[in-house]
Amino acid sequence: MLNKEENIEWVTDGEIGILKINNPPQNYLINPEFINIETLQEKLAGDIKGLVISGNGRHFSAGADLENIFNKTEKPEELKLNLIKGNKLLNYIENLEIPVIATISGVCFGGGFEIALACHIRVCTETSLFAFPEINSDLIPGMGGLQRMEKLTGKATTLELAFSGDTINASKAYDLKLVDYITEKNKALEFSVDLLKNIIKDRPLKVINMIMKSINNSNKMDIEKAMENDAEMFCELAVEEAKRRNNR
């Protein structure tokens, strides 16, 4: 099922949803909230067990269109509101209770890099490039990218990349734990879909949701509270499984 809307493209492959940033060739983000949260919720409703986020065409996303950003500075409160919406969207993606893979080809810069870092798994091609170039315009990443990067690769590397604006290749990104898999050119989407299918195959949606909730809780609560939640979810699933076995 293919569904095209302004600046996004949505397609499903069985129980997997594929969301493409659709503003080629660079896939600049018209707004930080590149898809409305309510729209994404509607698309994920039902039987979707995994999500892939990619760019349409050669590139994932070159980030924000700076001219568009600077034009909005005449109304700074409106600009701030747009960034807050973008932050809420990335927080929503990060906390989804289904696995989310960023499938990266070509450039993954600025806001595009921030989207990728909000995903649970990152797959890129061997020719992918990554950067936070905001410093070159005396700006900073505005949607939590530095915080997410610091958790993955540490403060020193994050500081270096944020202040230099340097571009790194796929191999370097892998060494820094910023990506999890590298594929041949034009193979990243196929690899990502196959990976998700292998992760979710034959797994009930409720079990997938609870595994993801447990993993996400590690970033939202202390270890004792997270373990208490795990125990509650385990018991709930065990009771349901016992009933199924008794009814066989």
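The values are calculated or read from the model by the stated rules, or taken from the named source; none is laboratory data. Since the model is a prediction, treat every value here as computed from it, not as a measurement. A quick note on method: Cβ atoms are made from the backbone with ideal geometry, for glycine too, and the neighbour counts reach across all protein chains shown.
Answer yes or no: is there a residue in the range 184-196 that is among the polar types (S, T, N, Q), at pLDDT 95 or above, assigned by TED's automatic domain parsing to the domain that holds PRO99 and more than 16 Å from CYS119 (Cα to Cα).
Filtering the range 184-196 down to residues among the polar types (S, T, N, Q) leaves 186, 192.
Add one more test, that the residue is at pLDDT 95 or above, and what stays is 192.
Within this subset, residues satisfying the condition of being assigned by TED's automatic domain parsing to the domain that holds PRO99 are 192.
Now restrict to residues that are more than 16 Å from CYS119 (Cα to Cα): none.
Within the range 184-196, not a single residue is among the polar types (S, T, N, Q), at pLDDT 95 or above, assigned by TED's automatic domain parsing to the domain that holds PRO99 and more than 16 Å from CYS119 (Cα to Cα).
Kindly indicate which of GLY110, GLY86 is within 22 Å of ASP175 (Cα to Cα) and either free of Cβ contacts under 8 Å to residues at least 60 places away in the same chain or among the hydrophobic types (A, V, I, L, M, F, W, C) (or both). Outline the logic, then answer.
Values: GLY86 fails: within 22 Å of ASP175 (Cα to Cα).
The match here is GLY110.
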Test for GLU126: is it assigned by TED's automatic domain parsing to the domain that holds THR39, among the charged types (D, E, K, R), at pLDDT 95 or above and under 16 Å from the mean Cα position of the chain (by Cα): no
Residues of the range 4-36 classified as in a loop (DSSP other than H, G, I, E, B), out of contact with any helix residue (DSSP H, G or I) (no Cβ under 9 Å at 6 or more places or on another chain) and charged (D, E, K, R), total: 1
Residues of the range 141-167 classified as without any contact (Cβ under 8 Å) to a residue 60 or more places away in the chain and in contact with a Leu (Cβ under 7 Å, 6 or more places away or on another chain), total: 10
Residue among THR103, THR127 that alone is β-branched (Val, Ile, Thr), touching a Leu at 6+ places or on another chain (Cβ under 6 Å) and either part of a loop (DSSP other than H, G, I, E, B) or over 16 Å from ASP65 (Cβ atoms) (or both): THR103
Unique residue being part of a helix (DSSP H, G or I), more than 30 Å from ARG203 (Cα to Cα) and out of contact with any Lys or Arg (no Cβ under 9 Å at 6 or more places or on another chain) when the list is THR39, THR73: THR73
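Hey, can you tell me all the residues within the range 142-155 that are in a loop (DSSP other than H, G, I, E, B) and surrounded by 22 or more Cβ atoms within 10 Å (Cβ to Cβ)?
Going residue by residue through the range 142-155, those that are in a loop (DSSP other than H, G, I, E, B) are 142-144, 154.
Of everything in the range 142-155, just one residue is in a loop (DSSP other than H, G, I, E, B) and surrounded by 22 or more Cβ atoms within 10 Å (Cβ to Cβ), namely MET143.
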Condition check for ALA102: closer than 26 Å to ASN209 by Cα and of a type in the set (Gly, Ala, Ser): yes
The one condition in (1) at pLDDT 95 or above; (2) more than 17 Å from ALA118 (Cα to Cα); (3) of a type in the set (Lys, Arg) that LYS177 fails to fulfil: (2)
